[in-house]
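Just so it is clear, none of the values below were taken in a lab; they were calculated from the coordinates. All of these numbers come straight from a predicted model, not from anything done at the bench. All Cβ positions, glycine included, derive from the backbone under ideal geometry; neighbour counts span all protein chains shown.
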């Protein structure tokens, strides 16, 4: 019998965060030790409320939730736009939660959980890295207890592709990202160039309609709202950014990776928050992350839909 992997999940729900949270709870390969929330897709009070609503709905009300930072470390908060004002539009029948977050701040909850663990813990982060950056600044003694940080963030397009050089989670709090990149914590970055290969299109919606359960219908409603931004601006369905990152805690072979030194642009006018990869050591700096560069989309979707089924 395979032992479940203990994880801590830092997120800002968000529709795709919400699906990732469902997957984390339902996978027998994962032991969800706790969820911490940050600002990003919405204000932290809303992302916390959304987390509690989701967990209670799926029968995971015993999973501790700790609310984190209400703004980036060094800048005003800029909110995401894909998920609507509440951060989780499109699910009007999802009840408000009766459960409450723990009283402890997310950063201290992370530190205490890591400190108490007899073994290193996998940390999955699907929002801006504000909580993780502050954890590194405040509790350096627990860093050896982070087995790896798997983060949905950054973008590493080829030079021939004319597209935004900046991903939202990096843009929202680039100073926190730099702190994390400089920390020596093992990091796996899963950027837009890979997550935009796992899109919900007609075949995936057809598969989702076969999951005729309250959860299946809720996820379908989430995705119908979530894809509006993608469809209107890019002509494609919603990308499963955060579910892919969570899936790597279950099956890391879903992506191929390569090491690199990653820098983040903190001052650019047109490329502010851009992540810059040096694969060949041209800057003379050692690798500080692994970057996902290829994904098996079919296997990912099979895993995701299997976890959504009863």
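Computed per residue of the chain from DSSP H runs no shorter than four, each worth -39500 (n - 2.57), the mean residue ellipticity at 222 nm is -11000 deg cm²/dmol. In terms of the Cα gyration tensor, with a ≥ b ≥ c the square roots of its eigenvalues, is region 6-164 rounded because a/c is under 1.5, prolate because a/b exceeds b/c, or oblate? Because its axes are fairly even, with a/c under 1.5, region 6-164 counts as rounded. Reported to the nearest whole Å, the Cα centre-to-centre distance from region 1-55 to region 187-211 is 18. For region 116-205, taking the reciprocal of the average inverse distance between every pair of different Cα atoms yields a Kirkwood hydrodynamic radius of 14.5 Å. Using every pair of distinct Cα positions in region 118-157, the Kirkwood expression returns a hydrodynamic radius of 11.2 angstrom. Peptide packing: for 187-197, 209-219, 69-79, 4-14, the average count of neighbouring Cβ atoms within 10 Å per residue gives the ranking 4-14, 187-197, 69-79, 209-219, highest mean first. Scaled against 2.2 N^0.38 Å for its residue count N, the alpha carbon radius of gyration of the chain is 0.92. Across all directions, the shadow cast by the convex hull of region 5-85 built on its C-alpha atoms averages 5.2 square nanometres. Would you mind classifying region 243-282 by shape? Square roots of the alpha carbon gyration tensor eigenvalues, ordered a ≥ b ≥ c; an a/c under 1.5 is rounded, otherwise it is prolate if a/b is larger than b/c and oblate if not. It is oblate, given that a/c is not under 1.5 and a/b is not larger than b/c. Need one word for region 39-130: rounded, prolate or oblate. Basis is the Cα gyration tensor (sqrt eigenvalues a ≥ b ≥ c); a/c below 1.5 gives rounded, then a/b vs b/c decides. The shape class here is oblate. If a spin label sat at a point 7 angstrom from the Cα of residue 116 along the line to its beta carbon, the backbone N atoms of region 41-68 nearer than 15 Å would be those of 62-66. Residues considered: 98, 36, 130. Largest GNM mean-square fluctuation over the chain, using C-alpha springs under 10 Å, is found at 98.
If you restrict to DSSP beta bridges whose two residues both lie in region 102-254, what percentage is antiparallel, to the nearest 5? Please report the intermediate quantities before stating the final value.
Values: 1 of 10 bridges.
Roughly 10 percent of the beta bridges in region 102-254 run antiparallel, per DSSP.
The antiparallel fraction among DSSP beta bridges confined to the chain stands at about 30%. Each eigenvalue of the Cα gyration tensor of region 174-310, multiplied by 5 and square-rooted, gives one semi-axis; in descending order these are 32, 18, 12 Å.
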